[in-house]
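Structure first, then comments.
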Amino acid sequence: MAFHTLAVADVERLCDDAVAVRFVVPDGLRDAFTFRPGRYLTLRTVRDGVEERRSYSICAPAGASPRVGVRRVTGGLFSEWLVDRLAPGDELDVAPPAGGFTPDIAPGSHHGMIAAGSGITPVLSIAASVLAAHPDTQVTLIYANRRTDTVMFAEELADLKNAHGPRLQLVHVLSREPTAAEIVGGRLDGDRLRRLLVALVDVPDVDQWWLCGPHGMTTGARAVLLEHGVSPDRVHRELFYVDEPPPELVRAEPVVEGATSEVTVVLDGRVTTLTLPRGEPILDSAQAVRGDLPFACKGGVCGTCRAKLTHGEVAMRRNFALEDDELAAGFVLTCQSRPTTDAVTVDFDS
Ligand code: FES
C-alpha cells in the first residue's frame, strides 16, 4: 500500500463534531488520486511510535480535488486530532483512493440512497456525481440523523436540491427533533423505512441502491428492500463504524492455541512463506515480515486487507465488509482470519 505525503488545503467545519478535509494533490500524483465517487482514502499517522491508519470516504464529486468527511468518534484519538487540531498546510500520509462502493452511471438511471449520520460522506459523492453525469439521471436520498444540528453537509445537500430540482428527491429523517410530518420523525428502523418507501419512493424505478451507515441500519434497510422485490445484486452497502458485538465465526474449525501453520502470502507478485501462530490473525503476524500488506481498520469493516484463500482453511472472526459472493469465491479478511490448517495460502493479488 503506497502512501504519499499530501498537504491539507482546507478544513471546513460541517457541524459541531465533523469537518471536511481537502487535500492538495501535486501534478505528479494527479492520476494516482483521480477517484470514482464512493471511494475512500486511508490516512496514516505515527503516534508514540505506533502506526495508525483510518479510512475516510471521499465526499467530493468525481473530478474535484479529494476531500474526506471526518466525524469525531468519542475516545478516537485519530478523529479527535483531525476534527479539532488539523489546519491548512499540515501534512498527512494518504494512500490513493480505494473501495468498491462506486456506481456505473448510465444515462437515465435512477439511484436510491439510504444513509445515516456520517454515512452520508460517500453517498454525497455518489449523489453529486450521478446528477452531474447526465441530464436525465435521478437520485432518491433518505438521510437519517438525530437532530438538524448533527446533519453533515446540510448546505451542500440543499445546494444540490436547488441545482437539480425534481431529479433529486431528498428526505431528511430526524429521530430526536420534532418534524412537520410524523413519517420523517423517529428512528429509521425497518417499519419506518417500509412506510417511507410505500409513501414516497417508486421502488421498481430505482436501478441501484446505495446504503451507508452502521451495520444494524444497513442490514435492516437491505432486508426491507429485498422484501420490496429489489434484487440483492442491486443493493450495495458500505459500513462506517460497527457498534455491535462481533458475529460468530463463519467457519467452525477450532483454533488451536500454541500451534503454527505454514502461511504463504502473495502480494505484488512476491511470494513469502512464514511459520505463523494459529492464535493470531494472519495480517498481524505476517506484517512483521511483509510490512507492505494492505490494511486500514483492522476491525473487519473496511475490506482493505481482503485476499483470496487459495489453499488451506482459516477461521474468520468478524466480517462486515465481504458480501456473500466474495465469501463464496474464497475471499477472506486477513485482519480477522486465523489459520486452522497446516498450510494456508492467501493471495492479495487476486
Ligand atoms: S483492515 Fe479493514 S477489514 Fe481488515
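The values are calculated or read from the model by the stated rules, or taken from the named source; none is laboratory data. What you see is a predicted model, and the numbers here were worked out from it, not measured in a lab. No Cβ is skipped: glycine too gets one built from the backbone with ideal geometry, and neighbour counts run over all protein chains shown. These accessible areas exclude ligands, DNA and RNA; they are computed on the full protein's heavy atoms, side chains included. Shrake-Rupley method; radii C 1.70, N 1.55, O 1.52, S 1.80 Å.
Numerical summary
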quantity	calculated
Residue check, residue 67 charged (D, E, K, R) and closer than 18 Å to residue 304 by Cα	no
Those strands (runs of 3 or more DSSP E) lying entirely in region 281-345 with at least 3 residues away from the ligand (no atom under 11 Å from the Cβ) and open to solvent by 20 Å² or more (accessible area, probe 1.4 Å)	306-311
Subset of region 82-117 (residues that are buried (at least 18 other Cβ atoms within 10 Å of the Cβ) and free of Cβ contacts under 8 Å to residues at least 40 places away in the same chain)	105
Count - residues of region 5-42 that are open to solvent by less than 50 Å² (accessible area, probe 1.4 Å) and assigned to a strand (DSSP E or B)	15
Odd one out for residue 150 among (1) closer than 23 Å to residue 20 by Cα; (2) touching a residue at least 60 places away in the same chain (Cβ under 8 Å); (3) touching a His at 6+ places or on another chain (Cβ under 6 Å)	(3)
Tally, over region 315-345, of residues that are among the β-branched types (Val, Ile, Thr) and more than 26 Å from residue 233 (Cβ to Cβ)	4
Single residue of region 183-207 satisfying the filter (modelled with pLDDT under 95, touching a strand residue (DSSP E or B) at 6+ places or on another chain (Cβ under 7 Å) and not in a helix (DSSP H, G or I)) that is surrounded by the fewest Cβ atoms within 10 Å (Cβ to Cβ)	185
Residues of region 50-74 classified as part of a strand (DSSP E or B), modelled with pLDDT under 85 and open to solvent by 60 Å² or more (accessible area, probe 1.4 Å), total	2
Boolean, residue 278 is within 16 Å of the ligand (Cβ to nearest atom) and among the basic types (Lys, Arg)	no
Test for residue 314: is it farther than 20 Å from residue 1 by Cβ, in contact (Cβ under 8 Å) with a residue 12 or more places away in the chain and hydrophobic (A, V, I, L, M, F, W, C)	yes
